Amino acid sequence: MLLQSLLLAVLATSTLAQFPPELFSPLIPSKILATTNALPNPIQYPQYTDARNPGRWLYFSPNTWTSGFFPVTLYELNTRRQRCGVTQANGLGVADWLALGRAASNGLLNLNADTGIGHDVGFISFPFVEELAINPRNQTAIDAINRFARQLAARFNPTVGCTRSWDSSNPTNFQVIIDQYDEPRVYRLTRNPNYLATARRMATYFLNNLPADGIVPWDFNAPLTPAPRPADSSAATLVVNALLLLSEHETTEAAKQQWISGALRILEKITDLAWSSSWQSLLSNGTVSLPGNNFLTGIVYGDYYFIRAGNELVRLGLTSCRSNLRPSPNNNVSPQPQTSSGRRSARVLL
Ligand SMILES: *[C@@H]1O[C@H](CO)[C@@H](O)[C@H](O)[C@H]1NC(C)=O
Ligand SMILES: *[C@@H]1O[C@H](CO)[C@@H](O)[C@H](O)[C@H]1NC(C)=O
């Protein structure tokens, strides 16, 4: 009787949250493997898909701020394999993701202080940080991170009190990008409560300013008319990860639930819009730069944060690793129609 009332109490306070089953689709490992096999030699990395040839990756030199994202995506699939195991349904058995991630990272090792990457060495360090989580004694990865960290530290100017973002031909021009200051992760390392308060305010602003359809726009302040305001699937998947991270630092269940349900809503809406079974990227509807006329693309960091969102949901115990994509008779995997009714619901106990 006590057990029964406890159970009822738990069910009454639980919310029925939905998560996109595409998160664990076998199309993910199969596309990522195909992209790995198509990497140019000498290595270049995918950044976004070609607006003129929709769904086809464009490749960029290692000396590009985004070049760590594809290698770290391979590490992320290794993490997924550790968390979810290998099943026919998840398709993770098609490659040794760790070996592929290590091999793909090697192209980043020759970057030196003269790179055009500027302050973005943190992104380039991602795969090496993942390597150290697996093998903390890997000296190659330790050296790479230390080198990038020294490059970043050298960009701090005590007179200005800031870290210079990009170089400029005009020596009096000291450019600082706002996203150097908005990482909620910052709080995790410093425990400075101002960072947590700022992260909460930014998350609140983000969720309160989402359009009614729940789809993350490329710019909240862009006019809705006359031109349609394009979505940015990469901003959406990144924010999902940020909200999940923020939820971990909350101590009340209500606060945790607020961020988790916001994350799941954004994830579901963007997956409905942007999941693509035919493009080389996992997601479409990314905006790299609307003024640069670079939108309606897949983006390598959008895909990375999509996979990572699935992995984080598993780590937090909010979803299982299963996909509900049904195999078709010829054994190829075809995605289910993307309707909300095709969604599997997960009971999330918060
Ligand atoms: C150490 O890390 C580098 C860079 O990530 C990788 O290429 C290399 O294979 C790793 N070495 C070992 C022994 O795992
Ligand atoms: C999403 O991307 C598809 C394919 O590029 C495009 O046809 C569609 O208009 C986009 N939708 C939105 C809302 O941006």
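Among the residues of segment 214-238, write down those that are open to solvent by less than 20 Å² (accessible area, probe 1.4 Å) and outside any loop (DSSP other than H, G, I, E, B).
217, 231, 233, 234, 236, 237, listed by residue number.
Which residue pairs have Cβ atoms under 7 Å apart, sit 6 or more places apart or on different chains, and have a first residue in segment 117-131 that is within 16 Å of ligand 2 (Cβ to nearest atom) and a second that is open to solvent by 10 Å² or more (accessible area, probe 1.4 Å) and outside any helix (DSSP H, G or I)?
That search, which allows pairs on different chains as well, returns nothing.
Results for (1) farther than 30 Å from residue 157 by Cβ; (2) under 22 Å from the mean Cα position of the chain (by Cα); (3) surrounded by fewer than 15 Cβ atoms within 10 Å (Cβ to Cβ), shown as yes or no for each residue.
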residue	(1), (2), (3)
42	yes, no, yes
52	yes, no, yes
60	no, yes, no
63	no, yes, no
67	no, yes, no
76	yes, yes, no
91	yes, yes, no
122	no, yes, no
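Being open to solvent by 30 Å² or more (accessible area, probe 1.4 Å) and part of a helix (DSSP H, G or I) is the filter here, so list the residues in segment 271-300 that pass it.
Residues satisfying the conditions are 272, 273.
So, restricting to helices (runs of 4 or more DSSP H) that lie completely within segment 1-117, which ones have at least 2 residues that are modelled with pLDDT of 95 or more?
Of the helices (runs of 4 or more DSSP H) lying wholly inside segment 1-117, those with at least 2 residues that are modelled with pLDDT of 95 or more span 27-37, 69-84, 97-105.
The values are calculated or read from the model by the stated rules, or taken from the named source; none is laboratory data. What you are looking at is a predicted structure, and each value in this text was computed from that prediction instead of being measured. All Cβ positions, even for glycine, are placed from backbone atoms using ideal geometry, and neighbour counts span all protein chains on display. When the accessible area is computed, the model is the full protein with side chains, heavy atoms only, and any ligands, DNA or RNA have been set aside. Shrake-Rupley method; radii C 1.70, N 1.55, O 1.52, S 1.80 Å.
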